1. Looking at the structure I just gave you, is residue 101 open to solvent by less than 60 Å² (accessible area, probe 1.4 Å), out of contact with any Ser or Thr (no Cβ under 9 Å at 6 or more places or on another chain) and not β-branched (Val, Ile, Thr)?
2. What about residue 79, is it buried (at least 22 other Cβ atoms within 10 Å of the Cβ), of a type outside the set (Phe, Trp, Tyr) and either modelled with pLDDT of 95 or more or assigned to a strand (DSSP E or B) (or both)?
3. Kindly establish whether residue 54 is at positive phi, out of contact with any His (no Cβ under 9 Å at 6 or more places or on another chain) and either at pLDDT 95 or above or of a type outside the set (A, V, I, L, M) (or both).
4. Read through the list (1) crowded, with 22+ Cβ neighbours inside 10 Å; (2) part of a loop (DSSP other than H, G, I, E, B), then give the number of the only condition that residue 96 fails.
5. Only residues that are open to solvent by 30 Å² or more (accessible area, probe 1.4 Å) and more than 15 Å from the chain's Cα centre (by Cα): list them for the range 11-25, please.
6. Return yes when residue 57 is open to solvent by less than 60 Å² (accessible area, probe 1.4 Å), of a type outside the set (Gly, Ala, Ser) and in contact with a helix residue (DSSP H, G or I) (Cβ under 7 Å, 6 or more places away or on another chain) and no when it is not.
7. Go through (1) at pLDDT 95 or above; (2) touching a Lys or Arg at 6+ places or on another chain (Cβ under 9 Å) and name the single condition residue 32 misses.
Amino acid sequence: QVQLEESGGGLVQAGGSLRLSCAASGRTFSSYAMGWFRQAPGKEREFVASIRWSGGNTYYADSVKGRFTISRDNAKNTVYLEMNSLKPEDTAVYYCAARSGAYYYTATATYPYWGQGTQVTVSS
């Protein structure tokens, strides 16, 4: 098992940047693919980005491609989401999640481990 805790959320103006972190506990962190998801008020949780256990492969939702970057540091048991050129529509609670196996899964049901989320608010 792995426990996840997100940090780094906050309030930022449109066009600004934020970096989210997700710290994982457990000695098997490096064996998990990691994902970032988000949920806006009144909407379903949606996939944002994911990364292979080794960090060598990434996958992004079309809505964030070119603006967001997912990365990981297995020595620090941490996965990051660098968010640039933020838009008001990026406002949501952002969650990190972990799964065994392939990294390119986007459905929430395929990730068994979740953090509590961190709020990102982008003002216009």
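The values are calculated or read from the model by the stated rules, or taken from the named source; none is laboratory data. Keep in mind that this is a model prediction, so the values were computed, not measured. Positions of Cβ are generated from backbone atoms using ideal geometry, with glycine treated the same way; all protein chains shown enter the neighbour counts. Areas reflect the complete protein model, heavy atoms only, side chains present, ligands, DNA and RNA absent. Shrake-Rupley method; radii C 1.70, N 1.55, O 1.52, S 1.80 Å.
1. On the way: open to solvent by less than 60 Å² (accessible area, probe 1.4 Å): yes; out of contact with any Ser or Thr (no Cβ under 9 Å at 6 or more places or on another chain): no; not β-branched (Val, Ile, Thr): yes.
Criteria not met by residue 101.
2. Numbers: buried (at least 22 other Cβ atoms within 10 Å of the Cβ): yes; of a type outside the set (Phe, Trp, Tyr): yes; either modelled with pLDDT of 95 or more or assigned to a strand (DSSP E or B) (or both): yes.
When the stated conditions are applied, residue 79 passes them.
3. On the way: at positive phi: no; out of contact with any His (no Cβ under 9 Å at 6 or more places or on another chain): yes; either at pLDDT 95 or above or of a type outside the set (A, V, I, L, M) (or both): yes.
Here the answer is no, as residue 54 does not meet what is asked.
4. So the condition that residue 96 fails would be (2).
5. Matches in the range 11-25: 11, 13, 14, 15, 25.
6. On the way: open to solvent by less than 60 Å² (accessible area, probe 1.4 Å): yes; of a type outside the set (Gly, Ala, Ser): yes; in contact with a helix residue (DSSP H, G or I) (Cβ under 7 Å, 6 or more places away or on another chain): no.
Here the answer is no, as residue 57 does not meet what is asked.
7. (1)
Yes or no, residue by residue, for (1) assigned to a strand (DSSP E or B); (2) under 17 Å from residue 121 (Cβ atoms); (3) open to solvent by less than 60 Å² (accessible area, probe 1.4 Å):
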position	(1), (2), (3)
27	no, no, no
42	no, yes, no
62	no, no, no
86	no, yes, yes
